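To keep things clear, I will list the structure first and then write my remarks on it.
The values are calculated or read from the model by the stated rules, or taken from the named source; none is laboratory data. The structure displayed is predicted, hence computed values, not measured ones. Methodologically, a virtual Cβ is constructed for each residue, glycine included, from the backbone with ideal geometry; neighbour enumeration extends over all protein chains shown.
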Amino acid sequence: MGQPPRGAGHEALHKLRVTTTVQAREAQHCGPCRAPENHAAVPTVGTFAQIQCCVRTCRLRGKSVPGSLSEWSRIVNESRKLDDVLDVYLAAVSERDATARQELIARCVCSEFVFATGSGRFVGHAEFNKAIADVHELLPPDAVLIRCTPVEERHGALRFGWQFVDRATGHPYDDHPFAAYLRGMDFARVGKDGLLQEVTVFYEAGLAVD
C-alpha cells in the first residue's frame, strides 16, 4: 500500500522472482532440518528467512520444532503483523478521500491515537483524519507516503524513515522547494492490540546544520 501501481506483467515477474527466491533459500538454509534427527545442528540464530524455512521443513517432515525456532517463528509473525499495520498507516496518510481515509485509520491506530507533528498534537481518529487533510493541502497533487528504511523496534517502540513520492513514477521530490519537509523519520509506539498508539513525526529539515 502506498506504492505506485504496477502493471500485470510486473506483478507476474515479481511473483516468479519471489517463488524462485524462496525455493533457493529453502535449498540453502534448511539442510540441518532435513538431516535425520539432527536438531542440534539447526542454527538458533539467523535471518528470518532461514528460520521460517527450517520451521516449515521440520513440520512437513513430522519433526518437533525446537523451542528456539518456535520463538523465532513467533517473532517473524509479529513482524509481519507490524508491517501490515504500517502499510495501512502509510495508505491512510496517502489517501485523499476523507471517508476512505477514516476506514483505513480505524484499521491501523487505536481510538486514543496521538499524532504529533511540527503543526501540533492531534488525538483520536477524527483529529488525525483532519491533520492528514491539512497535510494534503501542502503536498504535490499526486504525492503518496512510503517507508524508505527498515523498521527498528524496541519493546513496543519503533522508528522508520519515510518520504513522499510521485504516485505514477515513484520518484521522490528532491527538487521540490520544500523537499526537506517531504521526507524524515517517524517514532511510534504500538499497543497490546497491535495497533499504533502514537506517532511523532520528524522532518529532515529539522536535522539541517547551519
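When segment 78-101 is examined, which residues are found to be more than 20 Å from Gly156 (Cβ to Cβ) and buried (at least 17 other Cβ atoms within 10 Å of the Cβ)? Break it down stepwise before answering.
As a first pass, look at segment 78-101 and keep what is more than 20 Å from Gly156 (Cβ to Cβ): 91-101.
Correct list: Ala91, Ala92, Val93, Ser94, Glu95, Arg101.
Somewhere in segment 121-144, is a residue of a type in the set (S, T, N, Q), surrounded by 14 or more Cβ atoms within 10 Å (Cβ to Cβ) and either more than 22 Å from Asp97 (Cβ to Cβ) or at pLDDT below 95 (or both)?
Checking segment 121-144: not a single residue is of a type in the set (S, T, N, Q), surrounded by 14 or more Cβ atoms within 10 Å (Cβ to Cβ) and either more than 22 Å from Asp97 (Cβ to Cβ) or at pLDDT below 95 (or both).
A quick yes/no check of all residues on (1) in the same structural domain as Arg147 (by TED's automatic domain parsing); (2) of a type in the set (S, T, N, Q); (3) out of contact with any strand residue (DSSP E or B) (no Cβ under 6 Å at 6 or more places or on another chain):
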position: Ala92; (1), (2), (3): no, no, yes
position: Glu103; (1), (2), (3): yes, no, yes
position: Gly118; (1), (2), (3): yes, no, yes
position: Val123; (1), (2), (3): yes, no, no
position: Ala126; (1), (2), (3): yes, no, yes
position: Ala131; (1), (2), (3): yes, no, no
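Filter segment 90-106 down to the residues that are out of contact with any Asp or Glu (no Cβ under 9 Å at 6 or more places or on another chain) and in contact (Cβ under 8 Å) with a residue 40 or more places away in the chain and list them by number.
Hits for segment 90-106 are Leu90, Ala91, Val93, Ser94, Arg96.
I'd like the residue in segment 157-173 that is free of Cβ contacts under 8 Å to residues at least 60 places away in the same chain and within 15 Å of Leu139 (Cβ to Cβ) and, out of all such residues, is nearest to the chain's Cα centre (by Cα). Break it down into steps so the answer makes sense when it comes.
Residues of segment 157-173 free of Cβ contacts under 8 Å to residues at least 60 places away in the same chain: 157, 159, 161, 163-164, 171-173.
Now drop any that are not within 15 Å of Leu139 (Cβ to Cβ), which leaves 163-164, 171-173.
Values: Gln163: 13, Phe164: 15, His171: 19, Pro172: 18, Tyr173: 21 Å.
Per the criteria, the residue is Gln163.
Which of the numbered conditions does Gly46 fail, given that it passes all the others? Conditions: (1) more than 21 Å from the chain's Cα centre (by Cα); (2) at positive phi; (3) modelled with pLDDT under 90.
(1)
Is it the case that Ala116 is within 17 Å of Phe202 (Cβ to Cβ) and touching a residue at least 40 places away in the same chain (Cβ under 8 Å)? Even if it seems obvious, please write down each step before you answer.
Numbers: within 17 Å of Phe202 (Cβ to Cβ): yes; touching a residue at least 40 places away in the same chain (Cβ under 8 Å): yes.
For Ala116, the condition - within 17 Å of Phe202 (Cβ to Cβ) and touching a residue at least 40 places away in the same chain (Cβ under 8 Å) - is met.
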